[in-house]
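Take a look at the structure set out below.
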Amino acid sequence: MSEKVTTATIRKMKAEGTPITMLTAYDYSMAKILDEAGIDMILVGDSLGNVVLGYDSTLPVTMDDMVHHVKAVCRGASRALVVADMPFMSYQVSLEEALRNAGRFMKETGAKAVKLEGGREIIETIRAIVNAGIPVVGHLGLTPQYVHQLGGYRVQGKDTAAAEKMIDDALALEEAGVFAIVLECVPSPLGRLITEKLKVAATIGIGAGPHCDGQVLVVNDLLGLYPGHTPRFVKKYANLHEQVNGAIKQYIDEVRERSFPGPEHCFPMSDEVLKKLY
């Protein structure tokens, strides 16, 4: 696909049953790689708090942090649809502040949509943003900005009441005008049911099973950039931590052995000039 991906493209892919691909990116270089590879959507997630800024959650991330990184990603993505994550407390205080912050993304960064976490409790906010002409992606299930309220990072929607609420929230988000909804850490059958019930809004799963309209992962997880615990829903397509670590150790060894830089990495000088310098 060479044409620019738009919200209309995503709706068309949902209608035709074409799986939608989405990954996170936080800088120009990675965005350019994802764009050239043909990814449909790039999410500049507030997960940058964890994977880029070194926080232990997404909560400390600010609007200024997000604007800075979304700008960089948009410079690297010429085709993919870039979605900017609205960070914690950028849309919860008032409708006016939510509109102002969503507008900042559109005016200052080049993003084509924003993402908000939550269901019916933020419906009026979503409706106001959509009515202002700003495309919105919803986010249900495990919503990291609500992690303390949820009692930790755990699967959501496992019992009847929770599942029914999530279905109701998804339908409400669709009615409010979102063009896509991220479903995070929900049982696969529930992901499938929500996907079937939504007629227009595409579901983008992350730990929500194979029957969603699309899938998203944190690119750092996909590339294996971190050792240690990997969430169950992540598939590592590479082990770059090991490769990068090995390359850096080799560099250190070669510098200390004075085998790098070699002749092929150096610039010569004529003997005539050199003699005059001595």
### Task
List the equivalent ellipsoid semi-axes of the range 7-239 in whole Å, largest first, each obtained as the square root of 5λ for an eigenvalue λ of the Cα gyration tensor.
23, 21, 19
### Binned Cα-Cα distance frequencies in the range 63-197 - 10 Å width, integer %
12, 41, 34, 12, 0
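Can you pull the percent of Cα pairs in the range 1-51 with separation above 14 Å? Write down the numbers at each step before the final one.
Numbers: 705 of 1275 pairs.
Percent of Cα pairs beyond 14 Å in the range 1-51: 55.
Once the other residues with Cβ under 10 Å from the Cβ of T143 are scored (Lys, Arg +1; Asp, Glu -1), what is the net sum? Display every interim value, and only then the final one.
Numbers: positive: none; negative: E117, E184.
Net local charge, T143 excluded: -2.
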### Query
Where does the longest stretch of the chain lie that holds no trypsin sites (Lys or Arg not before Pro) found in a DSSP loop with 13 or fewer other Cβ atoms within 10 Å?
5-153
### Message
Between the range 162-213 and the range 101-122, how far is it from one alpha carbon centroid to the other, in angstrom?
### Response
19 Å
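For every other residue with a beta carbon closer than 10 angstrom to the beta carbon of L48, add +1 if it is Lys or Arg and -1 if Asp or Glu, then tell me the sum. Intermediate results must be reported in sequence, preceding the final value.
Values: positive: none; negative: D27, D46, D65, D85.
Its environment carries a net charge of -4.
Based on the alpha carbons, how large is the Rg to Rh ratio for the range 163-212 when Rh follows Kirkwood?
Numbers: Rg = 9.4 Å, Rh = 10.3 Å.
Radius of gyration over Kirkwood radius for the range 163-212 works out to 0.91.
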### Query
Hey, if you put +1 on the Cβ of every Lys and Arg and -1 on every Asp and Glu Cβ in the chain, which of I248, T7, A31 ends up farthest toward the positive end of that dipole?
T7
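Can you compute the charge dipole magnitude of the chain about its Cα centre, using +1 on each Lys and Arg Cβ and -1 on each Asp and Glu Cβ, nothing else charged? Give it in debye, rounded to the nearest 20.
Working: 29 positive and 34 negative charges, 70 e Å.
I would put it at about 340 debye.
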### Calculated SAXS-style log₁₀ I(q)/I(0) at q = 0.20 Å⁻¹ - the range 6-83, Debye, Cα scatterers
-0.83
### Task
Could you please rank S47, S57, placing first whichever residue has the fewest other Cβ atoms within 10 Å of its Cβ?
S57, S47
### Query
Expressed as an acute angle from 0 to 90° and rounded to the nearest 10, what is the orientation of the C-alpha long axis of helix 63-76 relative to the principal long axis of the chain?
70 degrees
### Task
Using the number of other C-beta atoms within 10 angstrom as an exposure proxy, rank T125, T24 with the fewest first.
T125, T24
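For the chain, what is the mean residue ellipticity at 222 nm derived from helices alone (per DSSP H run of n ≥ 4: -39500 (n - 2.57); sum divided by total residues; nearest 500 deg cm²/dmol)?
Values: 12 runs with 121 residues, N = 278.
Value at 222 nm, helices only: -13000 deg cm²/dmol.
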### Query
Net charge near L198, counting Lys/Arg +1 and Asp/Glu -1 over other residues with Cβ under 13 Å of its Cβ?
-1
### Task
Measure nothing fancy, just the Cα-based angle from helix 28-37's long axis to the longest principal axis of the chain, in degrees from 0 to 90, nearest 10.
70 degrees
### Query
Given a cut-off of under 8 Å on Cα pairs at least six residues apart, what relative contact order in percent is computed for the range 7-239?
18 percent
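Compute the orientation-averaged projected area for the range 196-273 from the convex hull of its Cα atoms and round it to one decimal in nm².
On the way: hull surface 40.5 nm².
Over all viewing directions, the range 196-273 projects a mean Cα-hull area of 10.1 nm².
No lab work stands behind these numbers, since they all come straight from the coordinates. Keep in mind the model is a prediction, meaning the values are calculated, not measured. Reconstructed Cβ throughout: ideal geometry from the backbone, glycine too, with neighbour counts over all protein chains shown.
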